[in-house]
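The values are calculated or read from the model by the stated rules, or taken from the named source; none is laboratory data. Bear in mind that the values here come from a model prediction, so they are computed numbers and not experimental data. Glycine also receives a Cβ, built like all others from the backbone with ideal geometry; neighbour counts cover every protein chain displayed.
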Amino acid sequence: MRPLLLLALLAAPAWGQSPLRLVATGDTVLVYVLDAPATGGFIVYRRPVTPPTAPFAKRSPAAVMMASNPAVLSGALGADLPMAMRAVRAVDDAELFRRLRSDHFASGVLAMVSRNAAIALGHLYVDAGVTRNADYEYRVVYTQGDGKETGRTLTARVHVTDVVPLAPTGVQVSGADHEIHVTWHYPVYQGAPTDFTVGFHVYRTQGTGPAHRLTATPILRNDANGGGFSFVDRDVSGGTYSYQVSAADLAGRESGLTSILSSHTVDRTPPAIPTDLAVRNGDGVVDITWRLAPELDALGYHIERATGLHQPYTRLDRSLIPARRPIWTDTVPGGGHQYFYRVIAVDSTGNASAPSNPVAALPSDKTPPIAPTALALTTAQHRIAAHWAPSPSKDLRGYYVYHGEGASRVRLTGRPVRTTAFVDSGAADKGLNPGGRYVIRVSAVDSSYNESPGVEASIAIPDDQPPTPPSALSSTNVEGRYVLVSWSATASRDVQWYALTRTGGAADTGTRALHRFPASVREWHDTLVAHGRRYVYHLTAIDSAGNVSAATTDSVLFLEVVPPPQPRAAGARAVTGGVEVRWERVVSLELTGYNVYRSSLPTGVYRRLTRAPVSLLSFTDSTGHAGLFYTVRAVDRSGNESAASPVAVAR
Amino acid sequence: MIHSLLLAVLLLQDSSSLALRRRVWGDLAALEQVRRADTTSVRLLADVRPALDSMVFATSWGGAELDQLRLAFPGSPLLTRYAARRDEREGLTDAALGEIEQLVRLSPDDLELQRTRGRLLEKLNRFKEALDAYARALDLSPEDDSSFRALQRLSEREGALTLLLDQIRRLRIRLPASAILRDHEVEVSARLGASR
């Protein structure tokens, strides 16, 4: 309704002068009565101006009135029906009829822009049959609803000649975002009797095609804008368009077209925001896809990634992703983390859409990190210190450290350690077994707990502790032939040798080292012994590191078990001062002397007279006398006594 | 007598044409008024379409009347669509394509428009662009068999089955549970294998 309202500004002064407007075109005069009554009509009379006495002749056979019902009104409007319905915002014939009947103002203005409307609404009578260049006087008599004339009349004169409207001036054409603006100027209405211009038509040409009119009804001449008019052509795509403008009057006559002016549209409309983003999570990669940009001028996409929904986004592509391939495979720096992606569409003009809604991805990580290198082990105080070069993997969480002996490996670290050093201090921090050889294995662990292959190194804990002494050391005289030295194994497992030393022999100067035995030996026959000597044996265990245990000691008195031969030819003779006993020498290497025994009876008990063996071959019994019985026994170094010599009677 | 009868038939026809014309104009005017009221719009659209079909495609004067309607309702997508159909029927494929592309700019998500665009481009032997149009149609409705068949046929002809396979695999990311897409992938893979 706004355009009609604006037109009213143009029409109002004219109405103040006379609502009767006569428009001559060809051999026809259009008789407009702009304030035709809604419930009545008017009758048209005409007479030539010359001679002045010529009578008025009735031209309209019946009163010109508005259509009597909605159907007739719609039919009479014809092609202008949609325009009329739009103008008064009617949705059907009945509403259109009601509104035009009740809104006299709208009805009058509509009559000015559409001849069909003017006729249908009872504002126009078309008087054909006039003579060109002749002058006529018209009289309009208002009638009631029943067609009876009232006393109200209007008169006006017209010279029958075609007056073509003036063409618009100052036409300008400028391109904008998917639309083209056309502006022009037209003189403000001054009340000239031949100025019937009510609006303008705009014509467009594309390429070499013909010009066609864009305006179904004229663009109304609204002088409120001071003679400036505009038209926006939004029915354009890319390309260059040419425009011309003409002025149109009440009779539908058009002025000549203005000169052709061209312009082209500018694309400032960004593409639609990409939609339907979807992801496929892979092993360290994410495939992101989305719907094809629907715009025909879409050029490509940018994709951006963030580590959090509200974190800054980083553009991933270096050049546009082609419009026809809306997919991106992103190799993420670390699996097991959530990432957010968004996409921006770009058109061929460079307009970029707003970012799409972000889509979340959670790629898996099944790729182990790169193993650490340069594992080095050192030991001190029964502990192993391990150092290694870090893994270059970016998503590293830490390292697992394993401890092993032989083929078995036991992980020492419950959680990955972040440092590149670790100290294995043994169970309960008591240190590792001295002499043991241990393997340390280190593997890298990433943020998804994938574990790299391990790097291993081994080291021995120095054995600085002596073994426990051997037990059950025993030295035994075996029939006077040798000393059997035997022992039990030490509890220490790393014993490699047993060392046996001896003291007590005539040749022993201090301690004599006898022998070093392998750990498997448990006894030794010592034959380098002399009867009658006491020997002390010391046995120590020696481990692989050369540590020597405390000594275990045992001693043995090595004795001969075979007595020497009995003395022969023993004889006793009473002498002054006692009894002298004599005997023959006994030949024995280990003889140390002789013991002399006496008894009062030949078969009685003999009592030893010598406190220690005598080395001579005679003995004087100072308390003896004749009649006593004597016997002699040889004694060796082992204390063995020989059998008694034959009994000798003192005489 | 016969003359009178013929005159009566002609008058009846003329009366019928007038009624049809009035109905179309009235419905379009009403549609123009309620363009924003969806439910009413749908109802009116359902009313006007049969009348437009009859007028444009079943009368001798409908084509010309359509031009008048387009002048009266400039920019009407409905009328542009009918104009494209009319032009295609009359062999004015270039003009029909221009109208369809104008509509695509207004409604780029319209599956039918993209399919029609593909068909028109194919008629004009602009096969690469036709492939693009069918690809857009399939992208809009990944399980639409018609778009798939058209795209497959043209891809095979243009040796672009690999691109089609790529597109189906992309769509499967969007619709991983789609059995139709899975079947399409198998089918295209088989054809691709056979063509090698």
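Show me the strands (runs of 3 or more DSSP E) entirely contained within the range A:343-439 in which 2 or more residues are in contact (Cβ under 8 Å) with a residue 60 or more places away in the chain and farther than 16 Å from A:Gly454 by Cα.
A:359-361, A:373-380
Quick check: is even one residue across the range A:184-193 assigned to a strand (DSSP E or B), out of contact with any Phe, Trp or Tyr (no Cβ under 7 Å at 6 or more places or on another chain), within 28 Å of A:Leu261 (Cβ to Cβ) and within 14 Å of chain B (Cβ to nearest Cβ)?
no
So if I check each of A:Thr169, A:Thr215, A:Thr197, A:Thr258, which one is among the β-branched types (Val, Ile, Thr), buried (at least 17 other Cβ atoms within 10 Å of the Cβ), away from chain B (no Cβ under 14 Å) and over 22 Å from A:Thr28 (Cα atoms)?
After ruling out the rest, the residue left standing is A:Thr258.
Could you grab me the full set of residues in the range A:53-70 that are touching a helix residue (DSSP H, G or I) at 6+ places or on another chain (Cβ under 6 Å) and more than 19 Å from A:Gly147 (Cα to Cα)?
A:Pro70, the sole residue that qualifies.
Considering only residues that are hydrophobic (A, V, I, L, M, F, W, C) and surrounded by fewer than 18 Cβ atoms within 10 Å (Cβ to Cβ), which ones fall in the range A:281-298?
A:Val285
When you look at B:Ala64, is it under 20 Å from A:Asp80 (Cα atoms), of a type in the set (Gly, Ala, Ser) and away from chain A (no Cβ under 11 Å), yes or no?
Considered against the rule, which asks whether it is under 20 Å from A:Asp80 (Cα atoms), of a type in the set (Gly, Ala, Ser) and away from chain A (no Cβ under 11 Å), B:Ala64 comes out as yes.
Residue pairs, Cβ under 8 Å, 6 or more apart or interchain, first in the range B:45-67 and more than 17 Å from B:Ala19 (Cβ to Cβ), second surrounded by fewer than 19 Cβ atoms within 10 Å (Cβ to Cβ) and at pLDDT below 85. List them.
Every condition considered, no pair remains.
Which ones in the range A:48-91 are part of a loop (DSSP other than H, G, I, E, B) and either closer than 16 Å to A:Ile119 by Cα or among the polar types (S, T, N, Q) (or both)?
Of everything in the range A:48-91, those that are part of a loop (DSSP other than H, G, I, E, B) and either closer than 16 Å to A:Ile119 by Cα or among the polar types (S, T, N, Q) (or both) turn out to be A:Thr50, A:Thr53, A:Arg59, A:Ser60, A:Pro61, A:Ala62, A:Ala63, A:Met66, A:Ala67, A:Ser68, A:Asn69.
For the range A:547-570: of the residues being β-branched (Val, Ile, Thr) and part of a loop (DSSP other than H, G, I, E, B), which is surrounded by the fewest Cβ atoms within 10 Å (Cβ to Cβ)?
Step by step, filter the range A:547-570, then rank; the result is A:Val561.
Residue-by-condition table, conditions (1) at pLDDT 90 or above; (2) assigned to a strand (DSSP E or B):
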| site | (1), (2) |
| --- | --- |
| A:Gly238 | no, no |
| A:Tyr243 | yes, yes |
| A:Ser259 | no, no |
| A:Ser263 | no, yes |
| A:Arg268 | no, no |
| A:Asp276 | yes, no |
| A:His302 | yes, yes |
| A:Arg318 | yes, no |
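Report the residue count in the range A:320-334 for those that are in a strand (DSSP E or B) and of a type outside the set (A, V, I, L, M, F, W, C).
Of the residues in that region, 4 qualify.
Working only within the range A:41-93, note down all residues that are of a type in the set (Val, Ile, Thr) and either under 28 Å from B:Ala72 (Cα atoms) or touching a His at 6+ places or on another chain (Cβ under 8 Å) (or both).
Of everything in the range A:41-93, those that are of a type in the set (Val, Ile, Thr) and either under 28 Å from B:Ala72 (Cα atoms) or touching a His at 6+ places or on another chain (Cβ under 8 Å) (or both) turn out to be A:Val64, A:Val72, A:Val88, A:Val91.
Does A:Pro312 satisfy the condition of being assigned to a loop (DSSP other than H, G, I, E, B) and in contact (Cβ under 8 Å) with a residue 60 or more places away in the chain?
Here the answer is no, as A:Pro312 does not meet what is asked.
Please count how many residues of the range A:411-440 are under 32 Å from the mean Cα position of the chain (by Cα) and either exposed (fewer than 14 other Cβ atoms within 10 Å of the Cβ) or not hydrophobic (A, V, I, L, M, F, W, C) (or both).
Number satisfying all stated conditions: 9.
Is there a residue in the range A:607-625 that is touching a strand residue (DSSP E or B) at 6+ places or on another chain (Cβ under 8 Å), surrounded by 14 or more Cβ atoms within 10 Å (Cβ to Cβ), of a type in the set (Phe, Trp, Tyr) and not in a loop (DSSP other than H, G, I, E, B)?
The answer is yes, given that some residue of the range A:607-625 is touching a strand residue (DSSP E or B) at 6+ places or on another chain (Cβ under 8 Å), surrounded by 14 or more Cβ atoms within 10 Å (Cβ to Cβ), of a type in the set (Phe, Trp, Tyr) and not in a loop (DSSP other than H, G, I, E, B).
Looking only at the range A:424-438, which residues are modelled with pLDDT under 80 and in contact with a strand residue (DSSP E or B) (Cβ under 6 Å, 6 or more places away or on another chain)?
Matches in the range A:424-438: none.
Within the group A:Ala76, A:Ala120, A:Ala87, which residue is in contact (Cβ under 8 Å) with a residue 40 or more places away in the chain, closer than 20 Å to A:Asp146 by Cα and not charged (D, E, K, R)?
After ruling out the rest, the residue left standing is A:Ala120.
Restricting to the range A:218-245, what's the tally of residues that are touching a strand residue (DSSP E or B) at 6+ places or on another chain (Cβ under 8 Å) and more than 14 Å from chain B (Cβ to nearest Cβ)?
12
Determine, yes or no, whether A:Val483 is in a loop (DSSP other than H, G, I, E, B), in contact (Cβ under 8 Å) with a residue 24 or more places away in the chain, touching a Lys or Arg at 6+ places or on another chain (Cβ under 9 Å) and closer than 15 Å to A:Leu557 by Cβ.
no
Considering (1) in a helix (DSSP H, G or I); (2) surrounded by fewer than 22 Cβ atoms within 10 Å (Cβ to Cβ); (3) outside the structural domain of B:Gly75 (by TED's automatic domain parsing), say which one B:Ala177 fails and leave the rest.
So the condition that B:Ala177 fails would be (1).
How many residues, within the range A:626-647, are closer than 25 Å to A:Leu589 by Cα and out of contact with any strand residue (DSSP E or B) (no Cβ under 6 Å at 6 or more places or on another chain)?
Residues meeting the conditions: 5.
May I ask you to verify whether B:Gln152 is within 11 Å of chain A (Cβ to nearest Cβ), closer than 24 Å to B:Asp110 by Cβ and among the polar types (S, T, N, Q)?
Considered against the rule, which asks whether it is within 11 Å of chain A (Cβ to nearest Cβ), closer than 24 Å to B:Asp110 by Cβ and among the polar types (S, T, N, Q), B:Gln152 comes out as no.
Is it true that some residue in the range B:97-108 is closer than 28 Å to B:Ser60 by Cα, among the aliphatic types (A, V, I, L, M), within 11 Å of another protein chain (Cβ to nearest Cβ) and free of Cβ contacts under 8 Å to residues at least 40 places away in the same chain?
Yes; the residues of the range B:97-108 include at least one that is closer than 28 Å to B:Ser60 by Cα, among the aliphatic types (A, V, I, L, M), within 11 Å of another protein chain (Cβ to nearest Cβ) and free of Cβ contacts under 8 Å to residues at least 40 places away in the same chain.
Would the range A:263-280 turn up any residue that is in contact with a Leu (Cβ under 7 Å, 6 or more places away or on another chain), buried (at least 19 other Cβ atoms within 10 Å of the Cβ) and either more than 14 Å from chain B (Cβ to nearest Cβ) or farther than 26 Å from A:Pro165 by Cα (or both)?
no
A:Arg253: under 30 Å from A:Val33 (Cα atoms) and among the basic types (Lys, Arg), yes or no?
The answer is yes for A:Arg253.
May I ask you to verify whether A:Pro368 is closer than 26 Å to B:Leu171 by Cα and either within 14 Å of chain B (Cβ to nearest Cβ) or surrounded by fewer than 21 Cβ atoms within 10 Å (Cβ to Cβ) (or both)?
Spelling it out, it is not the case that A:Pro368 is closer than 26 Å to B:Leu171 by Cα and either within 14 Å of chain B (Cβ to nearest Cβ) or surrounded by fewer than 21 Cβ atoms within 10 Å (Cβ to Cβ) (or both).
Keeping to the range A:194-226, report how many residues are over 17 Å from A:Arg253 (Cα atoms) and in a strand (DSSP E or B).
Matching residues across the range A:194-226 total 3.
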